[in-house]
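Have a look at the structure below before the remarks.
The values are calculated or read from the model by the stated rules, or taken from the named source; none is laboratory data. All figures in this text were calculated on a predicted structure; none of them were measured in a lab. Ideal geometry is used to build each Cβ from the backbone, glycine not excepted, and the neighbour counts take in all protein chains shown.
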Amino acid sequence: MILRKPHPGDKTLIWPLDKTILLRQCSQDIVSIEGKFMAKTSAVKERDFVEKIEKLLGDLKREIISNLLASNEDFKEILDAMDPKDLADVASDDIDRKMIEAIGAHELKRLRMIESALARIQQGKYGICIKCGKKIPYERLEAIPYALMCIDCKTAEEKRNR
């Protein structure tokens, strides 16, 4: 910045001689202020998003627990109803029992992942890929709120597991 040289004993402020330099500095200050505002706005949006997801995860957790309890009741009913029957009835009961067990196992896995996501929210690590450390896109987290990895890392993992 080019400044006017003060005269000896001059107590006036020193002003930039070139107005374009002053304007450039002002615009840089405005951009800096806008950047800080956008960062705060982004942080607020992220906090709101995480709060929304936390509520969704809590709802999913309650739903899964309710389903597991209902499945457990169904399982008890099947076991109680298992009287000596013909082979077709025994096979049908066995299939029902295995389906309930499979559904229960899948729901338990989802429940663990939901609890893990809730723990990551509490730790401030929610939405960060556990493989590469990048942010997981909001769209993915809205679709699968307990996602651990970004799409690229998950795709790579699935290819390795084939």
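Looking across the range 112-162, just one residue is closer than 26 Å to ILE65 by Cα, assigned to a helix (DSSP H, G or I), β-branched (Val, Ile, Thr) and without any contact (Cβ under 8 Å) to a residue 60 or more places away in the chain, and that is ILE114.
Scanning the range 27-85 for residues that are under 26 Å from HIS106 (Cβ atoms), modelled with pLDDT under 80 and among the acidic types (Asp, Glu) yields GLU73, ASP74, GLU77, ASP80. If you go through the range 121-131 and keep only what is more than 9 Å from the chain's Cα centre (by Cα) and surrounded by 13 or more Cβ atoms within 10 Å (Cβ to Cβ), you end up with CYS129, ILE130, LYS131.
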